[in-house]
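Values quoted throughout were computed directly from the atomic coordinates according to the rules given, and no laboratory measurement underlies them. Given the structure is predicted, the values throughout are model-derived calculations rather than measurements. A quick note on method: Cβ atoms are made from the backbone with ideal geometry, for glycine too, and the neighbour counts reach across all protein chains shown.
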Amino acid sequence: MDQLIIHHAIVHELKKQPEMAEASLLLSSEALPITEQATELIGRLDETFERKSDLLQGFLLEPDEGLFPAYYQNWLEAGRGRQPFIEFSGHSMAVLKDNLEGVVGAKGGYLLFADYTMEEQRILGIYMIRNAEGMIFEEEGEDPTLKLRTTTYLDIKNMAMAARLLAGPGRNVQMIRHARTQSSISQYFTDWVGIDRAETSAELTQSFLEMVEELPVPKDRETGFAMNEGDFEKALVKYAAKAPQQTIRVQDFDEHFYGNEKPLQEMLADQNSPLDQGFRVDRKALRNQFYLRAGVGGISITCTKDHFRNGQVHVDEATGKITINSEELASLLLDQYGM
């Protein structure tokens with residue numbers, strides 16, 4: 001985790017049982033020491049967040065439109081200091097408790113506030129995590145024997161809810177859907193943070209792809225000639241996979257594929273697009289745009305749109321027949337069939 005720098009961290013407990021309407025708080029008065037354990041915990045939470053493909057993204061409400069945005073702005077104006085960070089987290093927790101009270105079925109957990117830098121991006125991460133029961137083997141007795149016993153641990157893999165606020169302009173609020181069910185984020189949590197113009201990563205990725213289809217195919221950097229569509233699609237998927245924080249920024253995209261030209265930025269300006277300065281890409285939605293998969297009755301096929309364009313795969317809509325033109329693939333199948 002060499003790329004992780006932790007500036008401040010603190011944990012508070014929000015206490016509430018699902019069947020009860022009341023909620024209470026246990027607030028820490030001091031920030032967490034930046035130990036090896038704390039660094040590992042925050043690094044693993046950030047990693048879990050990164051693995052979520054379809055995030056809810058938007059903009060933080062203005063300070064006069066919500067209490068959390070106001071407390072957050074006060075902390076920023078105070079220079080992101082330690083004591084203002086502790087005060088910001090405590091005031092925010094009081095607002096969260098008020099939002100949660102009366103929500104039958106919802107339960108509390110531990111809220112970890114972490115101000116850190118990951119890959120040169122300053123982030124405020126707010127992660128709700130809970131304890132989970134598990135089992136471990138443990139040595140017991142003078143003549144060591146392995147015994148099985150239960151234990152309690154932090155369930156990082158299935159974090160309940162989380163939000164990240166990215167420093168800088170643009171679409172700077174990211175939230176994960178419920179880790180276990182992938183259902184909608186609990187409304188009280190969304191209302192607490194105050195997210196404006198929220199859209200999912202899949203929706204934003206689809207909007208981006210529709211715009212890319214209207215752009216001229218860029219030139220190959222090595223040959224200077226225009227790429228064919230298939231090479232551009234592969235380059236686009238590769239570019240998204242390597243983008244820092246899995247975020248495609250419009251200016252960086254234009255510079256990477258078009259050099260000094262700015263076709264995507266100009267298109268966004270003309271259309272007043274919601275993509276703004278960047279967005280967290282849904283890599284699954286991106287791959288599904290170009291990589292096609294289908295399977296029925298034990299027969300499956302995986303190909304790209306380029307295979308259709310090149311005539312390697314042809315579908316006759318009238319008869320429902322699929323033709324695959326590949327001597328090498330045919331040979332491999334025949335070898336396995338024994339002919």
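Miscellaneous remarks
- Dipole axis of the chain (+1 Lys, Arg; -1 Asp, Glu on Cβ), positive-most option in L14, L204, L146: L146
- Charge dipole of the chain (Cα centre as origin; +1 on each Lys and Arg Cβ, -1 on each Asp and Glu Cβ, all else neutral): 440 debye, rounded to the nearest 20.
- Sum of -39500 (n - 2.57) over DSSP H runs of 4+, divided by residues of the chain (222 nm, nearest 500): -11000 deg cm²/dmol
- Over 29 Å apart at the Cα level, from the set K242/K262; K157/K234; K157/K305, are K157/K234; K157/K305.
- Projected label points at A318 and I301, each 7 Å from Cα along the beta carbon direction, are separated by 1.8 nanometres.
- In the chain, the longest principal axis of the Cα atoms and the axis of helix 36-51 are about 40 degrees apart.
- Residue-span extension gain [Y188 to I34] - 0.36 nm each, minus C-alpha spacing: 52.4 nm
- Label corresponding to mean projected area of the Cα convex hull in nm² when calculated from the structure given, among (i) 27.7; (ii) 35.6; (iii) 23.7: (i)
- Calculated FRET value between A330 and R221, using beta carbons and R₀ = 41 Å, to 0.05: 0.70
- Cα-derived Rg over Rh, computed across region 261-339 with Rh taken as Kirkwood radius: 1.19
- Mean separation of Cα contacts under 8 Å, 6 or more apart, over the residue count of the chain: relative contact order %: 17 percent
- The rule of thumb for compact globular proteins, 2.2 N^0.38 Å, goes into the C-alpha radius of gyration of region 202-287 1.02 times.
- Looking at region 186-266, the chymotrypsin sites (Phe, Trp or Tyr not before Pro) that sit in a DSSP loop and have at most 15 other Cβ atoms within 10 Å of their own Cβ are F225.
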